[in-house]
1. Determine whether V212 is under 28 Å from N129 (Cβ atoms), aliphatic (A, V, I, L, M) and touching a Gly at 6+ places or on another chain (Cβ under 8 Å).
2. If I go through the range 40-64 residue by residue, how many of them are buried (at least 19 other Cβ atoms within 10 Å of the Cβ) and not in a helix (DSSP H, G or I)?
3. Please state which one of E268, E300 is without any contact (Cβ under 8 Å) to a residue 40 or more places away in the chain, acidic (D, E), farther than 23 Å from V150 by Cβ and not assigned by TED's automatic domain parsing to the domain that holds E152.
4. I'd like the residue in the range 171-201 that is in contact with a Phe, Trp or Tyr (Cβ under 7 Å, 6 or more places away or on another chain) and either modelled with pLDDT under 95 or over 25 Å from F123 (Cβ atoms) (or both) and, out of all such residues, is surrounded by the most Cβ atoms within 10 Å (Cβ to Cβ).
5. Could you tell me which residue of the range 244-301 is surrounded by the fewest Cβ atoms within 10 Å (Cβ to Cβ), considering only residues that are more than 20 Å from T68 (Cβ to Cβ) and of a type in the set (F, W, Y)?
6. Name the residues in the range 65-105 that are outside any loop (DSSP other than H, G, I, E, B), under 24 Å from the mean Cα position of the chain (by Cα) and loosely packed, with under 13 Cβ neighbours inside 10 Å, would you?
7. Going by the structure shown, is F211 of a type in the set (F, W, Y), under 16 Å from the mean Cα position of the chain (by Cα), assigned by TED's automatic domain parsing to the domain that holds R145 and closer than 19 Å to L148 by Cβ?
8. Tell me, which residue of the range 118-136 that is farther than 23 Å from S262 by Cα and hydrophobic (A, V, I, L, M, F, W, C) is farthest from the chain's Cα centre (by Cα)?
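The values are calculated or read from the model by the stated rules, or taken from the named source; none is laboratory data. These figures come from a predicted structure and were not determined experimentally. For neighbour counting, all protein chains shown are included, and Cβ atoms are generated from backbone atoms with ideal geometry for every residue, glycine included.
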Amino acid sequence: MQDVQAQSSLVHLVEAFIDSLDINATSVRTYKEALKNFGSWRNGQPPEALVTSGEVKLYKEWLRQNRTANTVATYLVALRRFFQYCVSEGFYEQNPVEKIKSIRRPRGHLRQDVSREGLRLLFAAVDRNTLMGKRDFAIMNLMARNGLRVIEVTRANVGDLEYRRGRQILRVWGKGRDERDEFVVLSEPTVAAIEDYLNARAGAKPSDPLFVGVRARNKGRRLTTRQINRIVNRYLIKTGLKNEKISPHSLRHSFVTLAIQSGASIIEAQIAARHRSIETTRVYFHEHDRLESPTEDKIEI
C-alpha cells in the first residue's frame, strides 16, 4: 500500500479524484478549493507521506480557528469524500477522516440582515448620474428587492430578462444548478433600475452579460463575484453599515426577512428565495417570531 502511495503524490490523487466526480462546475470548484487548502496547510509534509487521522484532527482545529463554521464543515466533507475515493482506488487502507466528527453548521443568520432603514441609506449613497452608479444601483436592487445571490447576479445575461403575463422576470442560473431553470419576478423599482442602466449602457445584445465593467481596464467584460462583492462592500463602508456581521450576502438575507415582515407565508418566502429546503426558510420565521413576540417579555419577577 505504501509503495502505491509513494508513486502517487497527494496532488496527483486530488487531480484523479476531481476527474472522477460527476457533479456541476460550482461543486467541482468547491472541492478543488477545499483540497487545495488542505494541501497548502500540509505543505511541510513530503507529498508522498500518508495522511493520518491525527493530522486531520490538527487540520480541523486549524480550520476552526481560521475559517467560518460553514467553511469548516464544507472542507471536511470534501476531505472525507476524497479519502473515500483513495480507499476505493487502493491508495489507502482506511479513510483517515472517517472517524473525525464534523461540526455543526450555524442554524441562524440573524446577524447578517440589513434593516429597511439601512437599505435606504445604501441606495441613497449611489450616484445614479453615472453609468457606474446606475449599474451598481441595479445590482443592489436585484439583491435586496429580489433576493439574488452574488453568483446569480454574475451569471445573468441581458437575454435572461423576459416578459410573462405582463410582468418582467429574470431567468436565474441558481446556486448548484447547471442551467437557468429558475426565475424571479422583478419588483417595479428593480425593473426601473435595470432599464435606466441598460438605456445608459446602450447597444447591449441578449447574449451579453447583464452587468459588465465600465472602466477601461475591464470595460464590457462580465463582472466576477469578487468584483460584485467589492462593489457592494464599497457602499456598505460608505454608509457605515459594514462590520464583521454584514456582508454583500446580507442583502439577500434582508430580502427574505422583509418578505416575512410584510406578511409572506413560509411557502411564498421559500419560493421567492429559491430555497431547496423549507427548513432553510423556517430559520427566518423562527428568528422573526422570536424577536416579534419573545417569551422573555412574558416573564414577570
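1. yes
2. The number of residues fulfilling the criteria is 1.
3. It is E300.
4. The residue in question is V172.
5. So the residue we want is F285.
6. Within the range 65-105, Q65, N66, N70 meet the criteria.
7. The answer is no for F211.
8. L131
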